[in-house]
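Below is one structure, written out as structure tokens, with a few remarks after it.
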Amino acid sequence: MRRSWLPGLLAAAAAFLAPLAPASARAETTVRAVLEAEIVTLDPYFTTAYITRTFGFMVYDTLFAPDAKGQFKPQMVDTWSVSDDRLTWRFTLRDGLRFHDGTPVQAADCVASLKRWAARSALGGRLMDVAAALDAVDDRTFVLTLREPYGLVLDTLGTTSSPTPFIMPARLAATPPTTQLTEVMGSGPFVYDRAAHITGDHMLLRKNPDYRPRPEPAEFLAGGKVVKVDALDIRVIPDDATAVGALGASEIDLMQYAPFDLIEQIERNKNLAVMNFTGPHRFTGHYRINTAAKPFDDPAIRRVLLRLVDQREVLDGFGLDPRFSQTCDAFFICGSPYETHVGPSSCTIRPWRRRGPP
């Protein structure tokens, strides 16, 4: 069952998920933002927390990234090829990639990063299970050799799931995966300013002047990540009402998620705009049934439950504005390239409703 489709986007270069922003453009080049939570864990492999993934997309980069159609496009990679037997994958990096300390991004960094990441990721672990070797052959080229064909190579290297395979220097990737990194060294469009980070108050990310976006137009997470501000000041305001008040008072410029019970208040302010995303940029939710325990170990009972649930009533029960929610009988997100209604069509009967007391 699909639950609330909250306005939002996975994590783009600037990683503003479902932002609320003043309608008029601001003159200064520092954007003050309140995200879903405080960024506490800086090691992008160490946690599955979405806020760390958001941080990762701003300061790191990935080898591949999905476009709006769900196709994985090269990001840090320039060219790639696969052998006819689908066992040898060769990747060459774009020229001129550099980490924030000025050192060049090399193939050895990619190999070390992928190995450390795979130790923390189920998806990465599956790739390594079928890998015979993963080696750098020169400064810009690395080769993945498989023991058997595997259809999810690009999907794995470009996944947006947490943890995400961001690329870091080999010296940091050599840290045991069970040890949390405290140093942040990526090659992404923003640079983490450690000196300006005050825990519990704010974090400052500065535009990376040496970042070289891809030449293609930005499309979802693929294409060129062009930063148009000098800095991003991420404020910590845990209370939603306080954050909305700060937004209305122009103390911040953007709020990642709008609390539904305060949307009407926000919309009354003509200087603010609520941004609502659709399709694959939304969140989806579902009931997870414990099929190992009674009574839901019985498929017949589960079929009854499916017919009893009215998705719209559930969404309304959460108090969600219909503008920001929709029902969906597809297992994958409606509006995404993977949307399919095969199967659920047999269940589209009018939901049963109790008449009178039991």
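Each reported figure results from applying straightforward, stated rules to the coordinates on display, with no laboratory input. Given the structure is predicted, the values throughout are model-derived calculations rather than measurements. Reconstructed Cβ throughout: ideal geometry from the backbone, glycine too, with neighbour counts over all protein chains shown.
Taking a ≥ b ≥ c as the square roots of the Cα gyration tensor eigenvalues, with a/c under 1.5 meaning rounded and otherwise prolate when a/b beats b/c, else oblate, which class fits the chain?
Numbers: a/c = 2.08, a/b = 1.20, b/c = 1.73.
Oblate, since a/c reaches 1.5 and b/c is not below a/b.
Between the amide H of ALA65 and those of LYS73, GLN75, distances stay under 5 Å, these residues lying 5 or more places away or on another chain, with hydrogens modeled in the peptide plane.
By the count of other C-beta atoms within 10 Å, a proxy for reagent exposure, PHE277, PHE190, PHE331 are ordered fewest to most as PHE331, PHE277, PHE190.
Say the cut-off is 27 Å between C-alpha atoms; which of LYS73/LYS207; LYS69/LYS228; LYS228/LYS270; LYS69/LYS270; LYS73/LYS115 go over it? From the list (LYS73/LYS207; LYS69/LYS228; LYS228/LYS270; LYS69/LYS270; LYS73/LYS115), the Cα-Cα distance tops 27 Å for LYS69/LYS270. Think of the chain as a dipole: +1 on every Lys or Arg Cβ, -1 on every Asp or Glu Cβ, centred on the Cα centre; then among LEU157, LEU134, PRO189, LEU157 lies furthest on the positive end. Highest average first, the peptides 43-54, 136-147, 195-206 ordered by how many other beta carbon atoms sit within 10 Å of their residues are 43-54, 136-147, 195-206. Across the chain, the mean sequence separation of Cα contacts (distance under 8 Å, 6 or more residues apart), normalised by length, yields a relative contact order of 28 percent. Taking a ≥ b ≥ c as the square roots of the eigenvalues of the Cα gyration tensor of region 59-173, is the shape rounded (a/c under 1.5), prolate (a/b larger than b/c) or oblate? Rounded, since a/c falls under 1.5. With unit charges on the beta carbons (Lys and Arg positive, Asp and Glu negative) and the dipole taken about the Cα centre of the chain, which residue among THR199, TYR60, PHE296 sits farthest to the positive side? The residue sitting most towards the positive pole is PHE296.
When you restrict to C-alpha pairs under 8 Å that are six or more residues apart and normalise by the size of region 124-269, the relative contact order lands at 12 percent. Taking θ as phi - 60° and the Karplus parameters 6.51, -1.76 and 1.60, the scalar couplings of region 155-172 work out to 4, 6, 5, x, 4, 9, 5, 8, x, 9, x, 6, 9, 10, x, 4, 5, 7 Hz in sequence order, x denoting glycine and proline. The fewest-to-most ranking of ASP329, ASP210 by surrounding Cβ atoms within 10 Å reads ASP210, ASP329.
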